[in-house]
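Have a look at the structure below, then the notes.
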Amino acid sequence: MVTAFAGTVLFGVVLARLTLEPSAASAALVHSNVRPGHSISAYLDGTSTIEAVRQLGGNLLLGLPFGVLLPVLLPPARGLLRVGAVTVCLMTLVELVQGALVTGRVFDIDDVILNTAGALLGYLLIGRRLGRAVHPRRRHWWTRWTAEPRDT
């Protein structure tokens, strides 16, 4: 748990540096993207392969720690849908803050989609097993009653 907490703090610092600092490269962008797939197709069609891999792969990798750390730190957040829902909420908040407060940054729904895909990938590859290792499944109250013999 301590390692997961330290990893989360470190990830939070990296996330803040990557998303909440002004970007001179994107200072010309003045419009947010709320159409899913629009930025992704723009990167695939209009930029070099290296730039597309850096932008799209970077957003996937940025979401990966969510899928690994959430099941360890928040046992109620275990499960593919729950990890996805928490990641969508957190990354939407990050995108809104970055679009509203940071010069040269805009809200992009494709970033949220790619971050969530990365979190789901991280959960499927590592997070599910790691979460179960740290927090073993407990038996539900109704299975405890049926498994134990009753004294009458």
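Values quoted throughout were computed directly from the atomic coordinates according to the rules given, and no laboratory measurement underlies them. Computed from a predicted structure; not experimentally measured. Quick reminder, even Gly has a Cβ in these numbers, built from the backbone with ideal geometry, and neighbours come from all protein chains shown.
At a glance:
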{"quantity": "Amide H contacts of N33 (H built 1.01 Å from N, under 5 Å, at least 5 apart or other chain)", "calculated": "F107, D108, I109"}
{"quantity": "Trypsin sites (Lys or Arg not before Pro) within region 35-138: DSSP coil, no more than 16 neighbouring Cβ in 10 Å", "calculated": "R137, R138"}
{"quantity": "Where labels lie 7 Å past Cα in the beta-carbon direction, separation of F11 and L101 in nm", "calculated": "2.1"}
{"quantity": "Stretch gain in nm, segment R132-L44, where the contour uses 0.36 nm per residue and the Cα spacing is subtracted", "calculated": "27.9 nm"}
